[in-house]
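Asker: Structure in structure tokens, see below.
Quick note: the coordinates plus some simple rules give every number you see, no bench work behind them. In this text, all values refer to a predicted model and were calculated from it rather than measured experimentally. We place every Cβ from the backbone using ideal geometry, glycine too, and count neighbours over all the protein chains shown.
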Amino acid sequence: MRIAVDAQRCQGHALCAVVAPDLFDLSEEDGHAVPWAAAVPAGREAEAEHAEAGCPERAVELES
Ligand code: F3S
């Protein structure tokens, strides 16, 4: 599963990093989320899906 954050949509709500702290880093500069890696580690797919569903800006993008 591939994971990305749309930098144009992300507004730094940080909910993604709350539900999936091992999948996202938050920029110290602007608070925007950046995935730790382009691929979701095996077994962490559910966390990634929670992050996708919970982002109010729909900025988390998953691709199977
Ligand atoms: Fe950005 Fe959404 Fe996370 S706005 S910081 S991707 S919850």
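Asker: Please tell me the relative contact order of the stretch 2-63 in percent, rounded to the nearest whole number, where contacts are Cα pairs under 8 Å and at least six residues apart.
Answerer: 46
Asker: Taking the Cα centre of the chain as the origin and placing charges on Cβ (Lys, Arg +1; Asp, Glu -1), which of ALA17, ALA33, CYS55 is farthest toward the positive end of the dipole?
Answerer: Towards the positive end, the residue furthest out is CYS55.
Asker: Another one. Taking the Cα centre of the chain as the origin, how large is its charge dipole in debye, to the nearest 20, when only Lys and Arg (+1) and Asp and Glu (-1) carry charge on their Cβ atoms?
Answerer: The calculation lands at about 120 debye.
Asker: Moving on. Could you work out Rg/(2.2 N^0.38 Å) for the chain, with Rg from alpha carbons only?
Answerer: Output field value: 0.96.
Asker: For helix 45-54, what angle does its Cα long axis make with the longest principal axis of the chain, in degrees from 0 to 90 and rounded to 10?
Answerer: Result, in degrees: 30.
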